[in-house]
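What follows is a single structure, written as structure tokens, with notes after it.
The values are calculated or read from the model by the stated rules, or taken from the named source; none is laboratory data. Just so it is clear, the model here is predicted, and its values are computed rather than measured. No Cβ is skipped: glycine too gets one built from the backbone with ideal geometry, and neighbour counts run over all protein chains shown. To get the accessible areas, we keep the full protein, side chains included, count just its heavy atoms, and leave off ligands, DNA and RNA. Shrake-Rupley method; radii C 1.70, N 1.55, O 1.52, S 1.80 Å.
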Amino acid sequence: MQKLLLKNIKTLVSVYENAPQKLSGKEMSELPCIENAWLACDDGLIADYGSMEDFPGITDWKELEVIDCSGKIVMPGFVDSHTHIVYAGNREQEFVDRINGLTYEEIFNRGGGILNSADKLRNTTEDDLFEQSKQRLKEIISQGTVAVEIKSGYGLNVESELKMLRVIRRLKELNWIDVKATFLGAHAVPNEFKGNKKGYIDLIINEMLPAISKEKLADYIDVFCEKGYFEADETKRILEAGKNHGLTPRVHAEQLSHNNGIKTAVESGSISVDHLEFCSDEDITLLKSSNTMPTILPGAAFFLNLQLPPARKMIDAGLAVAFASDYNPGSSPSGNMKLMMSMACIQYKLTPEEAISAVTLNTAYAMGLQNELGTITPGKKASLIITKEINSYGFLPYAFGSDLIDSVILKGKIWK
Ligand code: NIG
Ligand code: FE
């Protein structure tokens, strides 16, 4: 049994003896901390913690590894509840096309965007796709991510959607961090079904879902509910079919226009609803009466220069809000959660406390891991960030371009 002791921690952040399921409204700014702290981990889990002033001196532990955290901050690792890190190649040309004046929608309508990634992915072997994706997984772990949700949705036919989901399963089997898999066959209508969206939805429901369910390849079902992609009634039908196969819904909603995605997500009992640039006041009221986690993806709004989702208004209305990266080749080619936290503060006016709550416990809730991750709580996984020597946790979002992560602890072991 592996035992690890972190001592002389400058600030131990987000300490809850009994953690809530999520943090809503004002709770997001509480962020209980212990100054000059110690933290003990046993067998991959958080065992105990306290102030160095009454440090018990655990002398009976054999094979105890000790890390001196003088001047450093220890916090729960980032939980990234929305990514598309399984993809082939990149889309730098579209980045340049947008600089030169084309919009994201115009690029898609010319057969680019998601369809460009689908072309590339269909022509990539499973092993090659796994290697490319594994590099991205390593990258985000080194940036402090300790759990990740990964979506399919660049295959858009039975064979390639299964290929993506098998790659996600292989990433999960590496056993580095927690991985949840989402089936996003309804990401776009592929070229071979142009003009026959109903045919493609039938393929999703009648062929893809049974095959995925047979191999138990997904935890969640997702739909890109957007004009030109999938309408609210189509979204509803696909989510219900997913539920019949035991998958929990989550939705891409109101990103480029208002398309009743939030309403559909809430009515379907979605665990989260993501993007939300065009979220209305009525949507906020709807969300308040639901268990659905509204999730902002600041990387995508930044990269595509979209109007900003009303995160501040949501929190002030008492809602819980999560922030995730949306790491993908088309609208957010970064999975750096510390950077997402900076955007949360700078662009959305969250305080550093609220931003930390938004990228840890609230994202953990959005992938069903709130009892395992997201806070410093006895019995939760010891998956943590140790920062470099900094003055306060507020320096993390403040120094938006600096790498301030000294080490990442995954289930009680130092990640190398
Ligand atoms: O979450 N909005 C839809 N899907 C992705 C982007 C997909 C892409 O452009 O490749 C997103 O932003
Ligand atoms: Fe996405």
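The table below gives the values:
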read-out: Length gained when the stretch residue 280-residue 347 is fully extended (0.36 nm per residue, less Cα-Cα span); value: 22.3 nm
read-out: Listed peptides 7-16, 291-300, 39-48 by packing density, highest first (mean Cβ within 10 Å); value: 291-300, 7-16, 39-48
read-out: Span from the the range 297-321 Cα centroid across to the the range 336-405 one, whole angstrom; value: 16 Å
read-out: Largest-first principal axis extents of the Cα set of the chain (Å); value: 70, 44, 43
read-out: Alpha-carbon centroid distance for the pair the range 148-211 / the range 239-276, whole angstrom; value: 16 Å
read-out: Proximal lysines to residue 120, defined as alpha-carbon separation beneath 28 angstrom and excluding residues fewer than eight positions away on the same chain; value: 134, 138, 151, 163, 172, 180, 194, 197, 198, 214, 216, 227
read-out: Label-point separation in nm, residue 213 to residue 258, each point 7 Å along Cα→Cβ; value: 3.5 nm
read-out: Potential lengthening between residue 131 and residue 110 on full extension [0.36 nm per residue; Cα-Cα distance subtracted]; value: 4.6 nm
read-out: Set of the range 352-372 residues, backbone N closer than 15 Å to the point 7 Å along the Cα-Cβ line of residue 21; value: 362-372
read-out: Accessible area in square angstrom per residue, the chain, 1.4 angstrom probe; value: 38 Å²
read-out: Residue range of the chain that is longest and free of GluC sites (Glu not before Pro) which are both DSSP loop and sparsely packed (at most 10 other C-beta within 10 Å); value: 64-416
read-out: Heavy-atom accessible surface of the range 78-365: percent carbon and sulfur, 1.4 Å; value: 48 percent
read-out: Of the chymotrypsin sites (Phe, Trp or Tyr not before Pro) in the range 94-195, those whose Cβ has at most 13 other Cβ within 10 Å and which sit in DSSP loop; value: none
read-out: Simple spin-label estimate for residue 227 and residue 244 in nanometres, 7 Å along Cα-Cβ; value: 3.1 nm
